[in-house]
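The values are calculated or read from the model by the stated rules, or taken from the named source; none is laboratory data. All values reported here derive from a predicted model rather than from experimental measurement. Please note: Cβ atoms are built from the backbone with ideal geometry, for glycine as well, and neighbour counts cover all protein chains shown.
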Amino acid sequence: MPWVRGRQGGLLVLGSANVDESLRGYFTKYDCSSADVNPIGAISKTDLKKFIAYARDAFDLPILTEYACFWSNVMSLRLTAEFSSFLEAVPTAELEPITETYVQADEADMGMTYDELSVFGRLRKVEKCGPYSMFTKLCHEWGSFLSPVQVAEKVKHFFFEYARNRHKMTTLTPSYHAEQYSPDDNRYDLRPFLYPSRFPWQFKKIDAAAAKLPDRSTKHAQEARDQQAIKAHDD
């Protein structure tokens, strides 16, 4: 770019993938990972949105409070145009054409929410949790709105996708490391990049425990998530 404008020097290409997408493998190898540096590559989408909300208020940035049109009610396929802050917009990579009856949504494609991925990432890296230890921990943390069987399915789905996409992390763009839960490959995270994606021993133990544990879920899932969000904000 500088050359075609008769200027000297060079430019760096910035990446925009976050921790959650990297852990899930929700990016294309040698495509989204081919930038020079990624300023947000070591930050989860949940923390990134919190930072943007903070910057909106602390630095009086009007652009962060402007309204953008987006499609809602994605999962029910009853789509209507609404107005809301982009912080509340449905995350989409626009991988498919948006029509009057359909919009591609990242969380629907991934099979898990960004909030869930943020929790998985912290437990995996900071708490050093494998499949079974993550399951037992989340049974306590999510037990009020999810049954042990539901927790088991979410944990197994995460580790399956994490394992079969782990090879992509060897090509991740170098990131600014702002958090302990970074998924960066051989620079900070020295775990293997080839795993048996079905985790036969661990998943068998999870299924056996999930079948025995009582179902303590009483709250509606969204109510429980709202309470957790308030608690996280207060902390």
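Residues of segment 29-57 that are aliphatic (A, V, I, L, M) and under 19 Å from residue 114 (Cα atoms): 40, 42, 43, 48, 52, 53.
Residue-by-condition table, conditions (1) closer than 18 Å to residue 163 by Cα; (2) basic (Lys, Arg); (3) touching a residue at least 24 places away in the same chain (Cβ under 8 Å):
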{"position": "8", "(1), (2), (3)": "no, no, no"}
{"position": "29", "(1), (2), (3)": "yes, yes, yes"}
{"position": "36", "(1), (2), (3)": "no, no, yes"}
{"position": "54", "(1), (2), (3)": "no, no, no"}
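Evaluating residue 43 against the criteria (1) over 30 Å from residue 158 (Cα atoms); (2) of a type in the set (Val, Ile, Thr); (3) modelled with pLDDT of 90 or more leaves one unmet condition, (1). Inspect segment 61-73 for any residue being in a helix (DSSP H, G or I) and either modelled with pLDDT of 95 or more or under 14 Å from the mean Cα position of the chain (by Cα) (or both) and give the result as yes or no. Checked against the condition, which is being in a helix (DSSP H, G or I) and either modelled with pLDDT of 95 or more or under 14 Å from the mean Cα position of the chain (by Cα) (or both), segment 61-73 yields no hits at all. All conditions in (1) under 22 Å from residue 120 (Cα atoms); (2) in a helix (DSSP H, G or I); (3) modelled with pLDDT of 85 or more; (4) among the hydrophobic types (A, V, I, L, M, F, W, C) hold for residue 87, with the sole exception of (3).
Entry remark, segment 36-46: residues being outside any strand (DSSP E or B) and buried (at least 19 other Cβ atoms within 10 Å of the Cβ) number 7 in total.
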